[in-house]
Amino acid sequence: MKLLTLNFLTCAVKTCKTQPSSFPLHPRDAELEIIEAELNLPFLRNILPRLMWEDICSVARELGLPALPAIAPIPADLLAAPLDPSTTTGGAEQEPSQTARDLHRVLLETCIQEGKLVCGCCGHEYAVKEGVANFLLPGHLV
Amino acid sequence: MSDSNTQGADYEAQHVHSVYEEIASHFSSTRYKPWPIVERFLKEQPDGAVGADVGCGNGKYLAVNKKVFIVGSDRSTNLIKIAKQHAPHSTLVADNLSLPHPPGTFDFAISIAVIHHLSTPARRIEAVKAVFDILRRPSSSGSKDGGKALIYVWALEQKDSRRGWDEGHKQDVMVPWVLKQKKEKKPRKKQGGVSSDVEAGEDEESKGDKTFLRYYHLYKKGELEQDIQEAGGVVSESGYEKDNWWAIASPCNI
């Protein structure tokens, strides 16, 4: 499960969903794997305004990943500065910046393969196996 | 949970969930062609939109548009194992009545051939509501639309299909799925009068095959729109396509 997914996940228990402490879910005993994927600059740019940046930073910290910039990148940060300023016109082939590469690596290539996701509100643990998180609840929590 | 709700959940566990778990791989091999209206809906989403595919099955709709990000979920672990191959999207196992998403998250959602598997009227309305709950709310000023959902359900009115159901028939039915046993090749006999488009595995049983029965509620004309309204949604477009009723709807601005 890619880390980007955590940006759209909370606890499946109804009473938790409206509690701020249920977001983001906290990875525990996580085994990470890098699954390489093609960097898609427009996709990254479009997803940028949807990111809960502070929460992503805190998840990355909990997983012991290299620190992310404290302030959320803006679209311009994703483009590498052109080597030759005269090539900026046209702009057909825009190169991703290091920021874009780092973001791609963290959000789309870093995957939780095994472990748990824990709700900060009720403490319920959701298992992640073979890269798939399971949110089915036991009967008494439905 | 109320008694009827618990009964509904138990019933679906036996007559829907466990069946899909058993037939997952065979079922998936017959589900690869996207339905045109679903394809159109997914392709018209703006680049970078974030969506949910609630009840994504084998994930066939995750392959349609790679410029959006879709979180697909399904009750069946075995179907999700098949669905997880679709980059850049994400898949997880979840119940459609207990979705693990913050309210108001998604720009769009699809629920294709899912809600007809819930066994009581209240649970079907709750399932529609669960889809609306995860969609972006419209702004109170009305300047920004709410997220949009496309919902598909099987129709009662399908007298030209090989099942032949129609208006006035029973709406709650058990539909067989035949898991074929591997058998030695026999010369294929042409059978007169049998339609050639019988989907592999769905009906006829021969020796050694195993038949599973899945529960369906067949929707009659207008019923989907009514469920949507009761769930707090507004229909913007709806219709009938190939034995199914469909509707595009948004959560109400309340």
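The values are calculated or read from the model by the stated rules, or taken from the named source; none is laboratory data. This one's a predicted model, so the numbers in the text were calculated from it and none came from an experiment. Reconstructed Cβ throughout: ideal geometry from the backbone, glycine too, with neighbour counts over all protein chains shown. The accessibility values were calculated without ligands, DNA or RNA, using every heavy atom of the protein model including side chains. Shrake-Rupley method; radii C 1.70, N 1.55, O 1.52, S 1.80 Å.
How about region B:50-72: which of its residues are of a type outside the set (K, R) and surrounded by fewer than 21 Cβ atoms within 10 Å (Cβ to Cβ)? Step through it out loud before you land on a result.
We begin by selecting, within region B:50-72, every residue of a type outside the set (K, R); these are B:50-59, B:61-65, B:68-72.
Passing the criteria: B:A63, B:V64, B:N65.
The set of residues from region B:77-100 being in a loop (DSSP other than H, G, I, E, B), more than 7 Å from chain A (Cβ to nearest Cβ) and open to solvent by 10 Å² or more (accessible area, probe 1.4 Å) comprises B:Q85, B:H86, B:N96, B:L97.
Among the residues of region A:38-46, are any of a type in the set (F, W, Y) and touching a residue at least 12 places away in the same chain (Cβ under 8 Å)?
At the first step, the residues of region A:38-46 found to be of a type in the set (F, W, Y) are A:43.
Still in the running and touching a residue at least 12 places away in the same chain (Cβ under 8 Å): none.
Checked against the condition, which is being of a type in the set (F, W, Y) and touching a residue at least 12 places away in the same chain (Cβ under 8 Å), region A:38-46 yields no hits at all.
Close Cβ contacts (under 9 Å, 6 or more residues apart or on different chains) running from residues in region B:1-19 that are away from chain A (no Cβ under 12 Å) and open to solvent by 50 Å² or more (accessible area, probe 1.4 Å) to residues that are of a type in the set (V, I, T) and outside any helix (DSSP H, G or I) comprise B:S4/B:T120; B:Q7/B:T120; B:Y11/B:T120.
Reported count of residues in region A:76-86, each being part of a helix (DSSP H, G or I) and either within 14 Å of chain B (Cβ to nearest Cβ) or buried (at least 16 other Cβ atoms within 10 Å of the Cβ) (or both), is 2.
Do we have any residue at all in region B:119-137 that's closer than 25 Å to B:E22 by Cα, open to solvent by 10 Å² or more (accessible area, probe 1.4 Å), part of a loop (DSSP other than H, G, I, E, B) and touching an Asp or Glu at 6+ places or on another chain (Cβ under 7 Å)? Within region B:119-137 (the criterion being closer than 25 Å to B:E22 by Cα, open to solvent by 10 Å² or more (accessible area, probe 1.4 Å), part of a loop (DSSP other than H, G, I, E, B) and touching an Asp or Glu at 6+ places or on another chain (Cβ under 7 Å)), the answer is yes, since at least one residue qualifies.
Among the residues making up region A:20-75, those that are open to solvent by 80 Å² or more (accessible area, probe 1.4 Å) and within 11 Å of chain B (Cβ to nearest Cβ) are A:P20, A:E36, A:E38, A:R45, A:P49, A:M52. All of (1) among the polar types (S, T, N, Q); (2) at pLDDT below 95; (3) open to solvent by 70 Å² or more (accessible area, probe 1.4 Å) hold for B:Q229 with one exception: (2). The lone criterion from (1) open to solvent by 60 Å² or more (accessible area, probe 1.4 Å); (2) within 8 Å of chain B (Cβ to nearest Cβ); (3) among the β-branched types (V, I, T) left unmet by A:T15 is number (2).
Consider region A:119-133 and keep the residues that are part of a strand (DSSP E or B) and surrounded by fewer than 17 Cβ atoms within 10 Å (Cβ to Cβ). The one that is farthest from the other protein chains (Cβ to nearest Cβ) is A:E125.
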